[in-house]
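The next block holds one structure in the form of structure tokens; read it before the comments.
Please treat every number below as a calculation from the coordinates, not as lab data. Bear in mind the structure is a predicted one, so any value in this text is a computation, not a measurement.
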Amino acid sequence: MNEQQRLGALEAMLFAHAEPIEAARLAEAMYLEEPEAERLLQALQQRYDETGSGLQLLRFDGARWQLSTRPDYAEVVKRVLDTRRNAPLSPAALEVLAVIAYNQPVSRGFIEQVRGVDSSSTVANLLEKGLIEEAGRLDLPGRPVAFRVSDTFLRVFGLGSLRDLPPLHDAGPADTPPAPQAPAQLEMEQLV
């Protein structure tokens, strides 16, 4: 690897790790001596500083490094993150969440069978929002990926566990006929 490739590899690892990481661990991953990794990290830090990049390389406790955005851009970064997080869930997303929550772990094929439509983009969106997560692979032909709701789902919907989900059907006796409705109520329901 030449110098540019080593800098690129360090940058990629720092981006993917997202948390502070020891220079020794980075050096080990690249089969370098730690002083060489430190030199490359300092070169990368200098490059970000000299070019006015929106990124910066932070050094903690002398030996840990983290890639982050510059404080100068905090406001715009916050706006874009808030937009993504606060986007309301579509009816399709709520349907997929319900199918997963009440039947987990489930495959994408099961979700699509219940809904009757392709759900791949909805599943991808829910994965990105952190509301669902992969739960391994099912013991079925093709070993499809199984999905389950995440702890974020429970927190967002104010649930302590899946046992707190409302029941799918009323627990009332099945033989009880529906209560008679007032004529005005019947007319309103027919209009809707």
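Which of rounded, prolate or oblate describes the range 60-127 when judged by the alpha-carbon gyration tensor and an a/c cut-off of 1.5?
Here the range 60-127 falls in the prolate category.
Near A135, the amide H atoms lying under 5 Å from its own belong to A146, F147, R148; only residues 5 or more places off or on other chains count, and H is placed 1.01 Å from N. Compute the separation of the alpha-carbon centres of the range 117-156 and the range 1-49 and state it in Å as a whole number. Cα centroid of the range 117-156 versus Cα centroid of the range 1-49: 33 Å apart.
Full extension of the chain between D49 and D151 yields a length gain of 32.9 nm, computed as 0.36 nm times the residue separation minus the alpha carbon distance. Taking a ≥ b ≥ c as the square roots of the eigenvalues of the alpha carbon gyration tensor, the range 1-149 is prolate, as a/c is not under 1.5 and a/b beats b/c.
Here, the range 91-164 yields an orientationally averaged convex hull projection of 4.8 nm² when only Cα atoms define the hull.
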